[in-house]
1. Take the Cβ-Cβ distance between A:THR663 and A:ARG327 as r, set R0 to 51 Å, and report the resulting FRET efficiency rounded to the nearest 0.05.
2. Taking amide H atoms as placed 1.01 Å from N in the peptide plane, list the residues 5 or more away in sequence, or in a different chain, whose amide H sits under 5 Å from that of A:VAL369.
3. Would you mind checking which residues have amide H under 5 Å from B:GLN94's amide H? H placed 1.01 Å from N; only 5 or more apart, or other chain.
4. Is any residue of the range B:217-233 close enough, with backbone N under 16 Å, to a label point placed 7 angstrom from the Cα of B:SER44 along the Cα-Cβ axis, and if so, which?
5. What share of all Cα pairs of the protein assembly as shown, in percent, falls into each consecutive 10 Å distance bin?
6. Can you tell me which lysines have their Cα less than 24 Å from the Cα of A:LYS431? Leave out same-chain residues fewer than eight positions away.
7. In chain A, once you exclude exposed GluC sites (Glu not before Pro) (DSSP loop, at most 13 other Cβ within 10 angstrom), what's the longest stretch remaining?
8. Expressed as a whole percentage, what fraction of the accessible surface of the protein assembly as shown belongs to carbon and sulfur atoms when a 1.4 Å probe is rolled over the protein heavy atoms?
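The values are calculated or read from the model by the stated rules, or taken from the named source; none is laboratory data. Note that this is a predicted model, so its numbers are computed, not measured. Here the Cβ positions follow ideal geometry from the backbone for every residue, glycine too, while neighbour counts run over all protein chains shown. These accessible areas exclude ligands, DNA and RNA; they are computed on the full protein's heavy atoms, side chains included. Shrake-Rupley method; radii C 1.70, N 1.55, O 1.52, S 1.80 Å.
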Amino acid sequence: MTKGFYARLARQNLRKNSRAYGPFILAAVLTVAMFYIISSLSVNPGLQSMTGATTIQVVIRYGMVVVGLFAVIFLFYTNSFLIKRRKREFGIFNVLGLEKRHLARVIGLETLYAGLISLALGLVVGMALDKTLLLVVAKILSAPPPMGFFVSPWVIAVTAALFGGIFLLIFLYGIRQVYVARPVELLQAEHAGEREPKAKWLLALMGAACLGAGYYIAVTTTDVIQAIFLFFVAVVLVIVGTYLLFTAGSVALLKLLRKNKRYYYKTRHFTAVSGMMYRMKQNAVGLANICILSTMVLVMVSGTSCLMLGMESALHERYPCDVNISRSNAATIEMVKRAVADAGIQAENETEYDYLTSAAYSVPGGLEVTRDYTLDTESSLADVMVICLEDYNRCTGQDYTLAPDEILLKVERTVYDGDTLTLLGRTYTVKEQVEPMVKYGNLTANLTSTWYIVVPDRDELERIDAALAGEEGVKASEQYQAGRYYMSRFYGFDVPGHDDETALNARLAIREAWGRASEDESADLSGTYEIRVWERQDFLSLYGSLFCLGMFLGLLFTMAAILIIYYKQMSEGRDDRERFQIMQQVGMSRAEVKRTIHEQVLIVFFLPLVTAGVHTGFAFPIINRVMVLFNLMSTDFYLWCVLGSFGVFAVLYAVVYALTARTYYRLVSM
Amino acid sequence: MTILKVENLGKIYTGRFGGNQVHALTNVSFDVEQGEYVAIMGESGSGKTTLLNILAAFDRPTSGQVFLQERDLTAIREGELAAFRRESLGFVFQDFNLLDTFSLRDNIFLPLVLGGMGYVEMAQRLQPIAQRMGITDVLTKYPYEVSGGQKQRAAVARAVITRPKLLLADEPTGALDSKSSDALMDLFADLNREGQTILMVTHSTKAASHAGRVIFIKDGELFHQIYRGGATNEQMYQKIADTLTLLATGGSGHD
């Protein structure tokens with residue numbers, strides 16, 4: 001036999017199995033393209049020149065690792081479907097006289113062809129999409145679109161190496177299947193795996209326990225910093241729980257139903273229960289995969305789109321005024337005011353007040369000021385900001401009065417329901433928890449809880465200032481100028497019409513004045529100035545890149561889910577054809593059979609979607625708390641993002657289902 | 001009493017594009033009396049299976065009629081067909097057609113469950129049938145766990161548990177070894193003695209030799225039929241063999 005024979009055979013096999021191989025190669029092409037794009041973005045010089053590119057590229061590098069890992073698992077898994085289906089074919093070749101090493105050669109050539117096609121097409125598609133995506137990213141970052149067409153040999157090499165490795169793995173797996181098995185086993189492989197599944201009660205219970213624990217963590221974790229660590233614990237628990245419940249739990253439940261004879265021996269339940277048991281055994285892992293992929297898509301897309309859509313509100317939280325000068329003092333602010341006025345800019349909505357800030361522990365009944373951060377107490381860490389009533393009323397337009405020892409309170413990122421509050425050895429009565437607070441953005445960027453406290457008068461404020469200094473000890477206070485331990489001043493204003501140009505002009509004026517003033521060494525300058533439009537770029541690059549990555553991975557995972565669905569429909573259709581005929585022969589009408597099978601298929605395919613919905617529902621509280629870390633305070637807003645993502649995903653899922661269902665019915669009624 | 005009446009049955013298959021027509025059955029007529037055991041023989045492609053499919057209402061004839069106890073099978077509406085099949089007909093197939101997803105017991109229950117019968121009654125019906133089929137011990141097993149003979153006996157149990165007017169069998173011994181075949185044929189003979197009307201399509205001379213009458217089909221037409229009369233199985237076997245020889249050598253055998 002000549003070498004050309006094997007090549008021809010391999011090509012023929014690919015063509016003959018195109019219904020199964022087609023989607024696999026398509027998936028491989030898309031995965032290659034995705035990997036190429038994301039790797040290319042990570043080194044793209046056009047992107048590097050954009051503002052905030054550093055953040056973006058860190059995020060993209062993470063994405064690269066995720067996509068790479070995903071490619072390995074996904075392609076390997078999809079391929080195992082193919083091999084399983086083709087075992088019989090291998091068996092026939094074997095019987096017809098192809099030795100196993102010849103078979104290995106054929107499989108090798110097939111894999112080589114499939115790999116080369118996927119890689120070549122994938123790179124072409126990738127390069128085309130790469131440019132498109134770059135334009136989209138540039139658009140989101142509101143940067144001028146980078147010109148030219150960028151192709152990096154390094155990226156091509158990395159992509160080729162990764163996918164070469166994956167296809168080598170696939171090849172090794174394929175020949176292993178052939179070498180291990182005897183021809184008879186190969187011939188009958190398709191009929192293997194039809195044994196009745198055993199009910200694994202212990203695993204089912206463990207699955208329920210894992211899922212329950214994961215849900216419990218997600219729902220009950222109230223502390224935001226804990227949430228980040230526990231989030232991963234919850235994710236792992238839910239993933240393990242999902243696999244166990246889909247594999248062991250479903251079978252156990254169905255067996256329980258079957259034991260109930262009065263339920264089981266009803267026309268509708270009879271075929272459904274046994275049919276489902278059989279389907280679950282074959283499909284549990286695939287369905288669990290779909291479920292987890294769907295959950296990832298939902299969480300990622302809803303989270304990142306929420307961040308993106310909510311960016312403006314987060315930006316306003318962090319930078320409440322167009323121009324913000326914080327941790328400053330009266331002299332500096334005078335200088336800023338003059339500079340702004342000299343530049344001919346009319347300051348509007350001016351806010352100015354003195355305040356104290358300190359770190360503290362939140363302890364039962366109050367706050368304990370500290371400078372001594374240790375990890376184990378991190379969870380109860382808090383930021384305190386204290387102002388006096390006069391400034392509060394003036395800046396917020398309120399008209400509160402406070403008796404001595406009374407305070408107003410506003411707490412963020414945690415809940416406090418005590419009637420009194422102890423701070424620095426003094427216990428105050430909480431008169432009211434108030435909603436509007438003076439404009440101050442610095443603390444919203446922190447992970448810890450924030451406590452805004454309004455004390456009755458300036459004397460009290462200064463007393464606390466001194467007390468804070470006392471906590472600190474003399475040494476540390478030397479850093480501060482005498483008599484002004486912690487007291488800072490905030491000054492913020494808006495420019496007319498919130499005009500970006502004017503705000504940037506104000507920035508230039510302040511920067512110039514500040515630079516000039518600091519040449520005088522004796523000048524009492526302190527504080528930082530932050531201009532909202534200027535900072536917007538940073539926000540855009542972080543939120544925008546997270547958004548792009550979320551959409552990108554969402555798309556990738558959706559594609560994976562779609563492909564798994566397709567293969568499921570295909571293999572189900574082949575199996576069901578036989579059942580379909582037998583049931584008709586023993587007296588089930590065509591319509592009844594069709595309905596029964598349709599119902600089962602519907603349950604099987606929408607079970608992962610529903611489960612993914614439930615997972616996302618339980619993930620909601622914990623992710624909502626993580627969102628808070630990104631300055632997104634609105635639960636309603638996130639809820640809409642989740643519902644929106646779920647709606648879009650469900651529609652997409654249903655469309656894919658309907659399309660593949662047609663292939664399925666063609667197979668069944670063939 | 002005539003239980004099955006086949007009148008001038010014809011079936012023409014037309015190619016997908018209206019091209020070449022194939023006459024699968026031409027003008028086939030015969031009666032089956034209550035309690036009869038009839039075998040239909042013929043070569044591959046002679047139209048046996050087409051005939052059986054029409055008798056089972058899986059397929060509709062191009063011309064002619066089939067009456068099962070005065071009821072015209074060809075006129076039953078699609079919606080009623082399934083129930084009719086379930087209640088009046090029992091099937092035994094060459095490759096058993098048991099569902100792998102059910103235990104033998106549930107496979108046998110299947111037509112009853114579809115008919116909406118309660119569990120207690122089903123269990124009562126099953127008990128004697130399982131006993132005489134010799135499958136009581138394997139009822140909880142699954143089709144892939146038992147032998148071919150046991151599978152076929154379970155299939156027979158499934159066919160007769162509905163107490164059908166007519167038991168249709170399509171090459172029931174086709175996938176069995178000789179010992180299982182003999183046992184199955186004895187079982188059929190027993191069932192027939194108890195009054196079960198049986199119509200069996202078969203290749204096997206041996207299987208057919210158990211029947212009370214053998215109808216031969218050639219090229220879609222009724223070719224010949226022989227009655228057992230008082231003959232033993234061995235004599236019947238000889239008669240069938242002779243007819244088959246005649247059939248193969250191309251004689252015209254209408255008598």
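1. After rounding to 0.05, the efficiency reads 0.20.
2. Here the answer is A:TYR361, A:LEU424, since their amide H atoms fall under 5 Å of that of A:VAL369.
3. Here B:ASP170 satisfy the definition.
4. B:219
5. 2, 9, 14, 16, 14, 12, 10, 8, 6, 4, 3, 2, 0, 0
6. A:LYS410, A:LYS439
7. A:100-477
8. Summing carbon and sulfur atoms, their accessible area is 58 percent of the total for the protein assembly as shown.
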